[in-house]
Amino acid sequence: MQIAVVGSGYVGLVAAVGFCEIGHSVTCIDNDLTKLERLKNGVTPIHEKFIPELIQKHRSDRLRFSDDLPAATKDSSVIFIAVGTPENGNGEADISYVEAVAREIAGAISTYKVIVEKSTVPVYTSKWIRRAMLLNGAPQEFFDVVSNPEFLKEGTAVVDFLYPDRIVIGGDNPAAVDMVRRVYGPLTGGSYYRNPSCIPGPDSYAGKARLILTSTISAELIKYASNAFLATKISFINAVASICEAVGADIGEVAEGIGSDSRIGAQFLKPGIGYGGSCFPKDLKAFRSVANEAGYDFSLLGQVSRINDDMRLRFLNKVRKALWTLKGKKLGVLGVAFKGGTDDVRESSAIPIIRSLCYGGCAVTIYDPGAMEHGREVLKDCPGVEFAESAYGAAEGKDALVILTDWEEFAGLDLGVISGALRYHLIIDGRNLFDPGEVTKHGLGYISMGRADAFPDKYPVFECSLLRKGERDSREEGTAGCE
Ligand code: UGA
């Protein structure tokens, strides 16, 4: 099929190369001419496995990049809208880009098209798109609007797209739904997975993608509710981790015990410094405001955000407590990306923590395997920040090492080398990358999340039961105030 994908961000670009990969011809539209030029030359704007290969594979044949939405509208039978829906300042999603695209499509439409909302959007957006199209002159028999939310994760985006847990198509006209269904036919029918040159996926994959057909409104709600549920799971395990620390339990054991109940599931039970990224924080707020408009006070979501903010403060207090005072300390920091496997630093929990360390008087040397460029940019105004070429370089001569992102590379570090590089022989790990026993074997003290602090014999440990000011504030008020 001939498809247009509007927007070449995470969702748009992955969908565009993914649709080519399963046999369609795609025009990927963007109004950023510099980005388009780079894409045409095979330069990928995001750090994501398989995207460069797929652009290379399809750009001479099925994949085109263009800024001409009217022409792409005329040429395509299905148009996916995958533009950004940032926060508007009140916690709501700003859908003005979606509206602008709908208006432009309306002006160019001359035969029947299916318009698919792929961006994460509030409930009723399909109805607003429909209204905008009609008001801008598109005859109603020339289009239908279908919702097809995307569930890919950064870092594994292409594989998530091609091997999804489910494909949700929400529409109210069966003929329009059927067209979108045909787009995904190679995945739902399984022919893509039988192709010897397919991108490799999980060994356990069922062989056919699961298809869920719903109403448009249900599909819109599924996307927000999924992200809100995943964020809730993370805040839940982080709250349990805090209790583990207080009572002397081990969050690894507790999470395994909880997650092995198939009704709960083991994923998204990793404790840490809190979720970040361009989706969870924004979508949680937007979902809460959708709920408010619908007359429901979804206060649970407020608590989920509060616990998340609190994790940053708790972690900061751990660093403070371990170092006695922050002023004058030199720290190696591993990770600035919001999670491992991506160059994305948007809403990364690492950023406010690094800022607080710096404003607290530390000199910080950061290393991140993928996000150095973006890290330099967002931290350029932060005093006392330097960047190193490697994890070992970041650790060299520092008092302690602080881990903020769960890159696989960090979990594979040689702890003997790290121990030799650090003055205080101390790791403070916000992502629980190591087994405490393994770390102490190398003569290092190890402070992690939801587990007892671990120190080698003869390490000068000082146990103080008094709460410091930050901890008091956090416990009494539950405030974030990380910076
Ligand atoms: C998230 C969802 O997982 C996707 O399904 C969804 O499509 C996407 O948002 C979106 O709406 O576009 P993403 O933001 O790429 O994907 O990353 P996640 O892997 O979900 O991680 C989000 C944050 O949660 C990261 O900061 C990560 O470190 C943290 N996290 C994740 C934890 O702290 N613990 C966990 O157990 C899992």
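Helices (runs of 4 or more DSSP H) fully within region 31-135 that include at least 2 residues being under 29 Å from LEU301 (Cβ atoms) and in contact with a helix residue (DSSP H, G or I) (Cβ under 9 Å, 6 or more places away or on another chain): 96-108, 125-135.
I'd like the full set of residues that are without any contact (Cβ under 8 Å) to a residue 60 or more places away in the chain and aliphatic (A, V, I, L, M), limited to region 352-370. Working first, answer last.
Residues of region 352-370 that are without any contact (Cβ under 8 Å) to a residue 60 or more places away in the chain, as a first pass: 354, 357-358, 360-369.
Result: ILE354, LEU357, ALA363, VAL364, ILE366.
Candidates PHE268, PHE229, PHE236: the one that is open to solvent by 50 Å² or more (accessible area, probe 1.4 Å), among the aromatic types (Phe, Trp, Tyr) and either within 30 Å of ALA176 (Cα to Cα) or more than 16 Å from the ligand (Cβ to nearest atom) (or both) is PHE229. Once region 334-349 is narrowed to residues that are more than 9 Å from the ligand (Cβ to nearest atom) and buried (at least 22 other Cβ atoms within 10 Å of the Cβ), the residue that is farthest from TRP407 (Cα to Cα) is VAL345.
Output the residues belonging to region 256-278 that are in contact (Cβ under 8 Å) with a residue 60 or more places away in the chain and farther than 14 Å from ASN308 by Cα.
Taking region 256-278 and keeping what is in contact (Cβ under 8 Å) with a residue 60 or more places away in the chain, we get 270-278.
Hit for region 256-278 is SER278, nothing else.
For the criterion of being under 24 Å from the mean Cα position of the chain (by Cα) and either closer than 23 Å to LEU444 by Cβ or open to solvent by 40 Å² or more (accessible area, probe 1.4 Å) (or both), ASP399 fails. One residue alone among PRO164, PRO186 is at pLDDT 95 or above and in a loop (DSSP other than H, G, I, E, B), and that residue is PRO164. Among the conditions (1) within 16 Å of the ligand (Cβ to nearest atom); (2) touching a helix residue (DSSP H, G or I) at 6+ places or on another chain (Cβ under 8 Å); (3) open to solvent by 20 Å² or more (accessible area, probe 1.4 Å), the only one that ILE222 does not satisfy is (2). Specify the residue that is farthest from ALA209 (Cα to Cα); the eligible residues are those in region 133-165 that are open to solvent by less than 10 Å² (accessible area, probe 1.4 Å), away from the ligand (no atom under 16 Å from the Cβ) and not aromatic (Phe, Trp, Tyr). The qualifying residue farthest from ALA209 (Cα to Cα) is ALA138.
Taking the criterion of being in a helix (DSSP H, G or I), under 17 Å from HIS47 (Cβ atoms), open to solvent by 10 Å² or more (accessible area, probe 1.4 Å) and more than 15 Å from the ligand (Cβ to nearest atom), would at least one residue in region 316-329 satisfy it? Before you say what the answer is, go through the steps one by one.
At the first step, the residues of region 316-329 found to be in a helix (DSSP H, G or I) are 316-323.
If we keep only those that are under 17 Å from HIS47 (Cβ atoms) as well, we get none.
Within region 316-329, none of the residues are in a helix (DSSP H, G or I), under 17 Å from HIS47 (Cβ atoms), open to solvent by 10 Å² or more (accessible area, probe 1.4 Å) and more than 15 Å from the ligand (Cβ to nearest atom).
The values are calculated or read from the model by the stated rules, or taken from the named source; none is laboratory data. Here the structure is a predicted model, which is why all the values come from computation and not from measurement. Here Cβ is always computed from backbone atoms with ideal geometry, including for glycine, and neighbour counts include all displayed protein chains. Note: areas computed on protein heavy atoms with side chains; ligands, DNA, RNA excluded. Shrake-Rupley method; radii C 1.70, N 1.55, O 1.52, S 1.80 Å.
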